[in-house]
1. For the stretch 256-272, how many residues are of a type outside the set (A, V, I, L, M, F, W, C) and open to solvent by less than 100 Å² (accessible area, probe 1.4 Å)?
2. Can you pull out the residues in the stretch 3-32 that are part of a helix (DSSP H, G or I) and among the aliphatic types (A, V, I, L, M)?
3. Could you list all residues from the stretch 187-203 that are at pLDDT 80 or above and either among the hydrophobic types (A, V, I, L, M, F, W, C) or open to solvent by 60 Å² or more (accessible area, probe 1.4 Å) (or both)?
4. One residue is enough: does the stretch 112-135 have a residue meeting the conditions hydroxyl-bearing (Ser, Thr, Tyr), open to solvent by less than 50 Å² (accessible area, probe 1.4 Å) and either modelled with pLDDT of 85 or more or part of a loop (DSSP other than H, G, I, E, B) (or both)?
5. Residues in the stretch 36-44: is at least one part of a loop (DSSP other than H, G, I, E, B) and touching a residue at least 12 places away in the same chain (Cβ under 8 Å)?
6. Of the residues Ser141, Ser160, Ser165, only one is among the polar types (S, T, N, Q) and at pLDDT 80 or above; which?
7. Name every residue in the stretch 223-247 that is open to solvent by 80 Å² or more (accessible area, probe 1.4 Å) and charged (D, E, K, R), in order of residue number.
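The values are calculated or read from the model by the stated rules, or taken from the named source; none is laboratory data. Quick caveat: nothing in here was measured; it's all calculated off a predicted structure. Neighbour counts run over all protein chains shown; Cβ positions are idealised from the backbone, glycine included. With ligands, DNA and RNA removed, areas are computed over all heavy atoms of the protein, side chains included. Shrake-Rupley method; radii C 1.70, N 1.55, O 1.52, S 1.80 Å.
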Amino acid sequence: MARARKGEYLGGFARYGYEKSQEDKHRLVVDPEAAEVVRKIFTMAAEGVTISGIVRYLNDNGVLTCVEYKQRKNSRYQHPGGGVKKLWGTQSVRSILSDETYIGKVVWNRSEKSITTGKRMLWHDRSEWVVVDGQHEPMVSEELFALANERAKPKKRDRSGVDMSGFKREVLFVCGYCGRSMVKKNHKYCCRYRTCGTDTECRRAVEDMEKLEGSVMEYVRKTAEVMLGNSGRKDVGAERETLGKKLDALRKEKERLSAEKMFLYDKYRSGV
């Protein structure tokens, strides 16, 4: 924390668009090649191009993603998404637009790994951040940074009255082209990267929701039948018959108790 307050850059790898100084690894210097991409992203956002539009532009023009570029520059850089096709996404672009590193600031203590809450990361309030200005060459002006973020600001969703506690998105299906999770939209399952480029194969990853879920359930049913086997099915049939008899007996008992309840109520009303 003391080193962060002195303005030293403490990240293991430089932010996309920068590289670590050869003289001092705690200082950032501009990487001209990647810096052009960063400036293009800010300029397009400031001109009113949507985040999705910027993503399509980058993918259609074959611009290396942040991960691909870092791996090309540094063989030590590893990323967990090994088998997934590399594409620019809305989150990557939004992360760049919101990062104050590009206006010459070193920002530290935005988050930390938590060993007490059970969450992967614990995000801090901005009042707890360590922000030191003027530690390296800014890539864009503060005016351009503010304008780009204002125009790229996502529309707020009305979630009033919706309990989001414990919400977790379950991945049911993945795209056969890029390996990323598919999402529900208009009663269909679509690859969430389908709009990331005009020529991406993921545009074809669109399936009717009922048809796809029905196919999966049919497969599950047939698999269950095979696992149960003939003897298993006989056991299930016998158990079903036994449970049916129990259900009939309980229904008759319910009717008897209901009649007795009315009889006792009449006696109660008459003072007996």
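1. 6
2. Of everything in the stretch 3-32, just one residue is part of a helix (DSSP H, G or I) and among the aliphatic types (A, V, I, L, M), namely Ala4.
3. Residues satisfying the conditions are His187, Lys188, Cys190, Cys191.
4. yes
5. Looking through the stretch 36-44, none of the residues is part of a loop (DSSP other than H, G, I, E, B) and touching a residue at least 12 places away in the same chain (Cβ under 8 Å).
6. It is Ser141.
7. Once the filter is applied, which keeps residues that are open to solvent by 80 Å² or more (accessible area, probe 1.4 Å) and charged (D, E, K, R), the stretch 223-247 yields Arg233, Lys234, Asp235, Glu239, Arg240, Glu241, Lys245, Lys246.
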